[in-house]
Amino acid sequence: MRRKATLIIILILALLSVSLVYGSYQANTQVPGGETRYESIGTALEVIALVKTRHYFQPVSTFELVKSYVVHGTINGMLKNALNDPYTRHMDAAAFENMMNTTTGIYGGIGLSVGIVDDRVTVVAPIKGTPGERAGLRRGDKIMAIDDKETTYMTLDEAVSLMRGPEETELDLTIQRDDETFVVHIVRELINVVSVPDYYIIDEDYGIGYVEITNFSDRTYEELVEALDYLDGQGQRALILDLRFNPGGTLSAALQVANEFVSGAPLLYLEDKEGTRTPFDSMLAGTRRPMPMVVLINGSSASASEIVSGALQDNGLATLVGTTTFGKGLVQSLYPLRDGSALTVTEQGYLTSGGKDINGVGIEPDIVVEVTLEEEEAIYLDEIEYDPQLEKALEVLRSQL
C-alpha cells in the first residue's frame, strides 16, 4: 500500500510539472477533437475525484487515472484509456451550455440522433424531414470529423454542440460508411422535433390505433395523451406503439409514458455502485385501461425506448415485435465543474420493470421479424410498400380481438 501511495504522489507531481511546462503554450497544443493538451490541472484532478467516488460499474484506481492523464495529456484521453465506458466524458463550457438547452425539442442544427459505437460518434438515426436526412445520412454512419475537428476522444455532447448552431450556417461532416469515406456539406435549419408525428386508426374494422414516438423530450407525454385521446374518440380497441428508430431522450419522459400504461409495479430499478436498487414505482391514478397492445422495436430503439418497451413487456401489457433493441442500460449524472465545463459520469445502471439488465444486450422481442437493411431504410423513410413488422403487429392484435 505504501509503495502504491508513493507512486500516486510521484505521478501527481509529474502531472503538476507537465502543467507548468506546457502552461506557456497550451492554447496552441491541440489533439484530435479540439481538446487542449494538459488542460487545467485543477479540472483534471476534479474529474479524477468524481470518477473515483461516483463511477458505477468499473472500479478504477487513482494511479491508473493519473497515469493515463500524464500519457494522453487530455481529460477525455484519460477517461477513454482508463475506463471501458463511452458515456463518461468531459465536455467544455460551450458543449455544457448547449446541452442544458436541448430538452425542449427546438434548436438550430441538422437533425441527427447520435451515439458512441466502437468508440466513434455514430449516427443512430437521422430525424425525418431534417437536413441530416435529406443529405442521405443513415444509421451506422461514423462521423470522423465535424468541420476540421476530428471526433477522436470527443464526447457526444461536444459532437452535438459542434453540429448545432444558428440556422442558415454551414458545416462539413466527414463520414465513414463501410470502406468508403466522404464529406457531406449541410446547411443548418431550425429543428422543431415533434415526438409523436403520426397517429391514426390503421385498421377501422378492428379498431386498431397506431402511434409513432420518435424521441423522448419534455413534449412527449403531452403529445402522446393528445394522440391517445383522439384515437379513443375514433373507437380505438387496440394499439400499436411504434418505437423503431427512437434513440431515447430524457428519463422523466420515459417514466411518464410508461406510467400511462403500467400500474402496481415498478417502472424500472436504478442500481448504484454498491448494488443497491431503487424502484421507480408507477402511480395508479390516470393509468389507462389495458387493451391489446403491440410495441414495435428495432436496433435503433435505445435508452428511454427500452425503459418503456421493457416495462410493457415485463408486465404483460404488450407484445414486442421486431428485432433486439440497442442495449443502453446505464444512467449518467451531470456534474458542473468550477471552470464552467462539466463531467457526465455513468453513476447508475438501470434494470427493467421485471429486473432485467439489458445493458449491452438489449431487449429481445416476443416475436422476431427480421428485415433487410434496404427494407429498414424504406420503413424509416415511409417508402416501403409492405412493412413485415407492422403487418405482424396487426396480425397479433386481430387475433386478440
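Throughout, read-outs are computed from the coordinates displayed, never taken from laboratory work. Note that the structure is predicted; figures quoted are calculated from it, not measured. All Cβ positions, even for glycine, are placed from backbone atoms using ideal geometry, and neighbour counts span all protein chains on display.
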Inset, instruction - Could you pull out every residue, at least 5 positions away or on a different chain, whose amide H is within less than 5 Å of the one on Ile191? Hs are placed 1.01 Å off N in the peptide plane, and Pro or chain starts have none. - result: Tyr107, Gly108, Gly109
Inset, instruction - Choose one answer from Ala145, Ala253, Ala94: the residue with the largest mean-square fluctuation in a GNM of the chain with alpha-carbon springs under 10 Å. - result: Ala94
Legend entry - Glu391/Ala94 FRET efficiency (R0 45 Å; Cβ-Cβ; nearest 0.05): 0.45
Inset, instruction - Would you please put 84-91, 329-336 in order of how densely packed they are, using the mean number of other Cβ atoms within 10 angstrom per residue and starting with the highest? - result: 84-91, 329-336
Inset, instruction - At q = 0.13, 0.14 Å⁻¹, work out log10 I(q)/I(0) for the range 198-400 with the Debye formula, treating every Cα as an identical point scatterer and leaving solvent out; two decimals please. - result: -0.70, -0.80
Legend entry - Potential extension, Asp272-Val225 segment - 0.36 nm per residue separation minus Cα distance: 13.7 nm
Inset, instruction - Restrict the search to the range 147-178; then list the GluC sites (Glu not before Pro) that DSSP places in a loop and that have at most 14 other Cβ atoms within 10 Å of their Cβ. - result: Glu167, Glu168
Inset, instruction - Starting at the first residue of the range 160-166, write each ³J(HN,Hα) from the Karplus equation 6.51 cos²θ - 1.76 cosθ + 1.60 with θ = phi - 60°, in whole Hz, x for Gly and Pro. - result: 4, 4, 6, 7, 8, x, x
Legend entry - Among 288-296, 56-64, 75-83, 363-371, the order from most to least packed when residues are scored by Cβ within 10 Å on average: 75-83, 288-296, 363-371, 56-64
Inset, instruction - Divide the volume of the convex hull of the Cα atoms of the chain by its number of residues and quote the answer in cubic angstrom per residue. - result: 144 Å³
Legend entry - For the chain, calculated [θ]222 nm from helices alone, where every DSSP H run of n ≥ 4 adds -39500 (n - 2.57): -9500 deg cm²/dmol
Legend entry - Degrees, to the nearest 10: 220-233 long Cα axis against longest axis of the chain: 0 degrees
Legend entry - More than 15 Å apart - percent of Cα-Cα pairs taken over the range 227-267: 57 percent
Legend entry - Euclidean distance of C-alpha centroids, the range 291-361 and the range 161-229, integer Å: 19 Å
Inset, instruction - Please give the contour-minus-distance gain from Tyr335 to Ala49: 0.36 nm per residue of separation, less the Cα-Cα distance, rounded to one decimal in nm. - result: 101.8 nm
Legend entry - DSSP-defined antiparallel bridges as percent of all bridges, the chain, nearest 5: 75 percent
Inset, instruction - Round to the nearest 0.05 the FRET efficiency obtained for Asp203 and Leu373 when R0 = 35 Å and r is the Cβ-Cβ distance. - result: 0.80
Legend entry - Difference of contour (0.36 nm per residue) and Cα-Cα distance, Asn81 to Arg134: 15.5 nm
